[in-house]
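The values are calculated or read from the model by the stated rules, or taken from the named source; none is laboratory data. The structure displayed is predicted, hence computed values, not measured ones. Positions of Cβ are backbone-derived with ideal geometry, glycine not excepted, and every protein chain shown enters the neighbour counts. Note: areas computed on protein heavy atoms with side chains; ligands, DNA, RNA excluded. Shrake-Rupley method; radii C 1.70, N 1.55, O 1.52, S 1.80 Å.
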Amino acid sequence: MKSFLLDGLLRRPATEAAPMPGDTALAELGQAVTEAVQRRLGRSLSIRQVDAGSCNGCELEIHALTNAYYDLERFGLNFVASPRHADVLLVTGPVTMNMAEALERTYNATPDPKWVVAVGDCARDGGCFAASYAIAGGVSAVLPVDLHIPGCPPTPTALLEGLLAVLHKSES
């Protein structure tokens, strides 16, 4: 027990180094997202995140968007608690049989114009869970998907790029 405590006091934390402040690529991406949101909606973009049965890896990256480094709200994007206030449904995980109806109801409660973004590899086709009897399939098996953001899990930067892509796609 003593060696365990001593090792915990002397060893450095096993975390990644903090990102360099003033990341210009992130600032440019954020500015592009802000401009696209303003052109398309004339206001901020509201996002409703729905977990349809994931392992929560994608949710960790989505929640990272709200931390002090990424600070999603400075770009005019925010998460909302109700689908009635949302413009984008950000759906993670394979759709389980128990969540299929709830996901459809969430989609129907979201006002037009609305976009559905499938986040992660499991949201595309069920991923490693696809063969399970409890899985209905990927998000596209239940809802029309406007964009898929690949990754297991996708990075916060990839999520921002995906949101920018769905906004640009809707303009054309």
Give me the one-decimal nm value for the distance between modelled label points at GLN31 and ASN98, 7 Å along each residue's Cα-to-Cβ direction. 4.7
Interchain or long-range residues, amide H under 5 Å from VAL80's placed H: ILE47, ARG48, GLN49
Long-range amide H contacts for THR96: which residues qualify at under 5 Å (H placed 1.01 Å from N, peptide plane, sequence gap of 5 or more or a different chain)? ALA136
Indicate, rounded to the nearest 5 percent, the antiparallel portion of the DSSP beta bridges found entirely in the chain. 10
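Let's test the formula: R0 of 22 Å, r as the Cβ-Cβ distance of HIS63 and ALA165. What FRET efficiency results, to the nearest 0.05?
0.60
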FRET efficiency for ARG84 and THR24, Cβ-Cβ distance as r, R0 = 45 Å, nearest 0.05? 0.75
Honestly the chain on the Cα gyration tensor test (a ≥ b ≥ c root eigenvalues; a/c under 1.5 rounded, otherwise a/b vs b/c for prolate or oblate) is just oblate
Where does the chain land at 222 nm, in deg cm²/dmol rounded to the nearest 500, when only DSSP H runs of n ≥ 4 count, each adding -39500 (n - 2.57), divided by all residues? -12500 deg cm²/dmol
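Return the carbon/sulfur percentage of the accessible area of the chain, one whole number, probe 1.4 Å, all protein chains in place.
On the way: 5420 of 9720 Å².
Reported share for carbon and sulfur atoms: 56 percent.
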Among the complete DSSP H segments of the chain, which ones combine at least 20 Å of alpha-carbon extent along their axis with a mean Kyte-Doolittle hydropathy of -1.0 or more? 24-41, 156-171
How far apart, in nm, are the 7 Å Cα→Cβ label points at LEU10 and ALA158? 3.9
With the 1.4 Å probe rolled over protein heavy atoms, the stretch 63-172 has an accessible area per residue in Å² of 48
